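Asks: Let me begin by handing over the structure; questions about it come next.
The values are calculated or read from the model by the stated rules, or taken from the named source; none is laboratory data. In this text the structure is predicted, and so the values were computed from the model without any measurement. Here the Cβ positions follow ideal geometry from the backbone for every residue, glycine too, while neighbour counts run over all protein chains shown.
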Amino acid sequence: MSNAATISETELQPLRTIFFNENAAFWDSRIRAVDHIAIERLLDRGAFSSSDTVLDVGSGTGVAIPHYIERGIKDIYACDNSPAMVKILNAKFPDITILNHNYLKTMMMRNFVDRLVIFNTFPHFNKFEPVFRNSARYLKSGGRLIIAHSMNRCELTECHRRKGMWVENDILPSDEYFVKTFADFGFSKIEVEDSAEGFFASGMIA
């Protein structure tokens, strides 16, 4: 049994934050070409428009932000739970709205974004249902929640196993889970794909 398995989720979540705080300073050096390719792919599949309001959840040091800007998107919000990551985000992107916020807690206004992106982040939430619930709350009618990863499920499981205690149990749930949970929270036009190119899931709110 792993060490992480002996720690409750209540105890583990702040340790995840410590992990990301400690790694924030050199996080950008770990970004790979495949991450940028995956972001471009999700932007294409998500039918983003320059007029969209975008909320980037678990933004880290902001790997996706330049891609939004390059597409002409001006109304960008970024959200992360790690103070160290947020400090770097603020320094790199002073002109966007950045929130140091636990996304599992409801704090934002309703119906204010067109596209809500969770890239390379979803497995690190200790509860998944509030992510869907809050996303449905924040999206405008016709808006899309996009959950994507530059690794597929198998690759990500192995990557987190190697990283060890604080993230080794952070895995993507099954395709069936995504389909059901999107539907449970009012999403339609659901897409879920786990492939050699990575993971992509999307749903549109009514």
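Asks: Any chance you could count how many residues in region 168-188 are touching a residue at least 40 places away in the same chain (Cβ under 8 Å), part of a helix (DSSP H, G or I), surrounded by 14 or more Cβ atoms within 10 Å (Cβ to Cβ) and not hydrophobic (A, V, I, L, M, F, W, C)?
Replies: 1
Asks: Further, regarding this structure: Filter region 134-146 down to the residues that are in contact with a strand residue (DSSP E or B) (Cβ under 7 Å, 6 or more places away or on another chain) and among the basic types (Lys, Arg), then identify the one that is surrounded by the most Cβ atoms within 10 Å (Cβ to Cβ).
Replies: Filtering region 134-146 for residues in contact with a strand residue (DSSP E or B) (Cβ under 7 Å, 6 or more places away or on another chain) gives 135-136, 138-146.
So of that shortlist, the ones also among the basic types (Lys, Arg) come out as 140, 144.
Numbers: Lys140: 16, Arg144: 24.
That would be Arg144.
Asks: Within region 115-133, can you find the residues that are modelled with pLDDT of 95 or more and buried (at least 20 other Cβ atoms within 10 Å of the Cβ)?
Replies: Arg115, Leu116, Val117, Ile118, Phe119, Val131, Phe132
Asks: Within region 40-66, can you find the residues that are touching a residue at least 40 places away in the same chain (Cβ under 8 Å), buried (at least 21 other Cβ atoms within 10 Å of the Cβ) and not in a loop (DSSP other than H, G, I, E, B)?
Replies: Leu42, Val54, Leu55, Asp56, Val57
Asks: Could you look through region 73-129, keep only residues that are part of a helix (DSSP H, G or I) and either under 13 Å from the mean Cα position of the chain (by Cα) or among the charged types (D, E, K, R) (or both), and pick out the one that is farthest from Thr157 (Cα to Cα)?
Replies: Checking each candidate, the answer is Lys92.
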